[in-house]
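This report concerns only the one structure given below.
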Amino acid sequence: MFKQVFTIISLDMEGEVKEREKRPLIVTYLLLISTVFVQIYVSLIHPSEALSIFEAYSLVPASLFRGVHVDSLITYMFLHGNLLHLLVNSVALFGAGSIVEQDIGHLRYFLVFLASGVLAGLMHCLISPWSDVPLVGSSGAIFGVIAILFLLMPFKLTFIMIVPLPSVLVGIMLSLVELSAFYMANDIGIAHDVHLAGFLVGGVSAFIIDQKRALRGLIIATIVLAFIYYAGIYLDLIPSAA
C-alpha cells in the first residue's frame with residue numbers, strides 16, 4: 001500500500017515538474033521586450049524629447065509626495081539610464097525570471113515583480129522624501145524575483161552573475177554586497193536601498209507563496225552562510241572576534 005501511495009506521489013511530482021517545464025516564458029519575454037523597446041525609442045528621439053520622458057516617468061521622491069506623477073512608481077521600472085544599465089538588468093531578469101516564472105506561474109510571477117518594484121520605489125522615496133534625483137530601472141523588481149529563486153529554489157543553477165551558481169550562493173552574495181554598499185554609502189548613483197527593499201518584498205512573497213519551501217530555503221541559506229563564515233575564519237580570510 002505504501003509503495004502504491006509513494007508511486008502516486010512520485011507520478012504527481014513528475015507531472016508537476018513537467019508542467020512547470022512546459023510553461024512558456026510569457027511574462028519574462030514581455031517585460032524584456034517592453035524595456036528594450038522603451039530604451040530604443042528613447043535613444044532614437046531628440047534629446048529634449050527624451051528628457052521630457054524621463055522627467056515625466058522616472059520616480060522622483062519629492063514629486064511623488066507632492067502628488068505629481070504618482071504613476072511613476074510603475075513607469076520608472078521600464079526606463080534605464082543607458083544601454084549598459086539595461087543590459088545588466090536584462091541578463092539578471094532573464095536569468096532569474098525564466099526559472100521563477102516556470103515554477104510559480106505567470107500571474108504570481110508578474111505580481112511579485114510589480115509589487116517588488118513598486119514597494120522598493122516607495123521605500124526609496126520614504127528614505128529620501130526631499131530628493132529631486134530621478135530613479136529609473138527595474139533592479140528593485142528583479143531583486144524581488146531573485147529572492148523568490150533564492151528561497152524557493154536554493155540549489156537551482158542560475159546565470160544571473162554570468163558564472164552558473166546555485167541560487168542560494170547568488171542570494172547570499174548579493175545580500176552581503178548590497179548591505180555593505182548601503183551601509184558604507186560609497187556608490188553614488190546606485191540605489192542600494194531599492195535593491196534591498198525589493199529583495200525583502202520578494203522574500204516575504206516567497207513565504208506567502210509557499211511557506212514550507214521558503215522556510216526550508218531560509219534554513220539552507222543560514223547553514224551555507226555559517227559554513228562560509230567559519231571556513232573564512234579557518235582559512236584566515238575573515239578576522240575572528242577578539
Task: Sequence ranges 127-139, 91-103, ranked by mean other-Cβ count within 10 angstrom, highest first - done: 91-103, 127-139
TODO: Take each uninterrupted DSSP H stretch in the chain, measure its Cα extent along the helix axis, and return the ones at 18 Å or beyond whose mean Kyte-Doolittle hydropathy is at least 1.0.
DONE: 26-44, 83-104, 106-127, 139-152, 167-184, 192-209, 211-234
Open item on the list: Quick check on packing: order 76-82, 201-207 by the mean number of other C-beta atoms within 10 Å, highest mean leading.
Closed with: 201-207, 76-82
Task: Amide H partners (placed H, <5 Å) of Thr158, local residues excluded - done: Leu165, Ser167
Task: Spacing of the two label points (7 Å from each Cα toward its C-beta) at Leu84 and Ala62, in nm - done: 2.8 nm
Open item on the list: Just checking my list [x] 17.7, 55; [y] 17.2, 52; [z] 20.0, 73 against Rg and Dmax of the Cα atoms in Å computed from this structure; which label fits?
Closed with: [z]
- [ ] Provide the packing ranking of 53-65, 145-157, i.e. peptides ordered by the mean count of other C-beta atoms within 10 Å per residue, highest first.
- [x] 145-157, 53-65
Task: Mean residue ellipticity (222 nm) of the chain, computed from DSSP H runs ≥ 4 via -39,500 (n - 2.57), nearest 500 - done: -24500 deg cm²/dmol
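Where a number appears in this text, it was derived from the coordinates with a stated rule and is not lab data. Predicted model only: the values in this text are computed from it and were never measured. With ideal geometry, Cβ positions are generated from the backbone for all residues, glycine too; neighbour counts draw on all protein chains shown.
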